[in-house]
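Read the figures in this text as sums done on the coordinates, not as results from a lab. As the structure is a computational prediction, the values presented were derived from the model and not from experiment. All Cβ positions, glycine included, derive from the backbone under ideal geometry; neighbour counts span all protein chains shown.
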Amino acid sequence: MSERLKQIGLPIKTSDFKTKAEIFEAARSGVFPIINLKTGRTGKGEGCTCNCVYCDVGDKDGPYWQETKEENFKTLITNWANQGGKTIHWCGDGEPTTFKWFDTILDLAKKNNFKLEIFSNLTGLTPDRANNLMEIGATVKFKMDSRDPIILGEILTSTNNKDTAFKAGSNLIDKIDMLVQAREKSENKPQLVASIVMSEKNMHDIIKVLDWCCEFNVVPQVAYMEEIGSVTKTGIKALNEREIKIINRWLKIKFGLKDPKQIMGDQCEAKAAPILMGNRVSLGPFGMGCEFPLREHLGELNFIGEYKNDVGELTDTIKEFRFNKQNIQLIVEELVKIKEEKGIYSKTGTDEILPGCGDDIEELWFIEYVATIFTSDEYFKNFINDWVLKGEHRKWTKEEINSLINQVKTLM
Ligand code: SF4
């Protein structure tokens, strides 16, 4: 098998730094090439249909879009596409394929030539939708913690009932296979990504899952479950540092990876993107599977404001939020904490296991977000040339954070 894997090679998601730089530049000028949609975790017919053992999405929000009319939604998305919108990057808080306007979005994407990137449990996938997604070149990241239907079902449903688990797990595996087949038939052959969250439940399945990814040219994205969210109730054990180190080492050897980080975590391109929840708006940066770092850094500011249907109004709301004196003050305070290693993620230890991965990514995104929005033109230019275009993605030194703090302070 290892010979065969060597020949096929593990598909790796590659980063396009030039596009990233363009996105940073656009965000700075108040244009949003990327937006994120959320539909609400529990909204009737719009929320997530699963009950994963490790879910860390809250269950009190949503549905977000009940006040909006479909016509207004269409106008908003079309206006956004006309002002340079390129990608709807859809993850977290709600399942895209069961959203009431999912087909509308597929139509709009085709008509207006924008891209769709979704993180999905594929519940609402049908053969037609799978074909449409592949036809518009959508990137689909789907849950696939195991290829064993019972283990997968147990994770998805938080139950130990084998029949229930088998049904849920088989259903998802069938949908995944449907998507892979639709891609086979498509001209574009868009990227498919498998989200693999590892815990004690599925740690022995990783070989089979990665072999399957090799065989079907699906990018694996491995993450290690943390003890937050539902895990605190369901008691599923996260892997310990030793187990993670062993798996990382094994990944390097078996798949010939220079660094297991190549298949870990996220490559977020949606820096500073607005997150639309009906007529409320929140702000990134965020990525597929990543929550609201800005909210976490600035306190529990879940939504930064409201807008009606207009993209211009959205831009104004975001500007007002960004340059509010109180927020600037909070940003400086947060940067000081990060510099002194007292930030919210400093105690997770993921940085030691995989530098630049896990929660530390969120901290890094926060810093990069600040560097994008709250700095002088000269600083920003250097940041793009020395960091973004060179693919630098690492912990910032104290001196670098100090220089950023001085930049932000000039706005106070
Ligand atoms: S982890 Fe994702 S798919 Fe599972 S319950 Fe939470 S939101 Fe739904």
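Each of Tyr379 and Leu411 was given a label point 7 Å from its Cα along the Cα-to-Cβ line. The distance between the two points is 0.9 nm. Net charge of the neighbourhood of Ile151, taken over other residues with C-beta under 13 Å away and scored Lys/Arg +1, Asp/Glu -1, is 0.
Label-to-label distance, Asp56 versus Asp316, with points set 7 angstrom from Cα along the beta-carbon direction: 3.7 nm. The packing ranking, built from the mean of other Cβ atoms within 10 Å per residue, places the peptides 138-150, 328-340 in the order 138-150, 328-340, highest first.
Label point of Asn309 set 7 angstrom out along Cα-Cβ; within the range 86-114, amide nitrogens under 19 Å from it belong to 100-109, 112. In a DSSP loop and with at most 16 other Cβ atoms within 10 Å, there are no trypsin sites (Lys or Arg not before Pro) in the range 164-231. In this structure, the pairs whose alpha-carbon distance is over 31 Å, taken from Lys69/Lys319; Lys69/Lys167; Lys189/Lys252; Lys110/Lys395; Lys175/Lys233; Lys337/Lys390, are Lys69/Lys167; Lys110/Lys395. The overall shape of the range 141-258 is oblate: from the C-alpha gyration tensor, with semi-axes ordered a ≥ b ≥ c, the ratio a/c is 1.5 or greater and a/b is no larger than b/c.
Remark: the range 135-149, residue by residue, has Karplus-estimated 3J(HN,Hα) of 5, 8, x, 5, 8, 10, 9, 10, 6, 7, 6, 7, 9, 8, x Hz, where x stands for each Gly or Pro and the curve is 6.51 cos²θ - 1.76 cosθ + 1.60 at θ = phi - 60°. If R0 equals 45 Å, the separation of the Cβ atoms of Lys398 and Gln66 corresponds to a calculated FRET efficiency of about 0.45. Taking label points 7 Å from Cα along the Cα-to-Cβ direction, Asp177 and Ile12 give a separation of 3.1 nm.
Across the range 193-241, the relative contact order, built from alpha-carbon pairs under 8 Å that are at least six residues apart, equals 52 percent.
Could you bin all the Cα-Cα distances of the range 2-263 into 10 Å bins starting at 0 and give me the percent of pairs in each, rounded to whole numbers? In whole percents, the pair-distance histogram is 7, 27, 35, 24, 7, 0.
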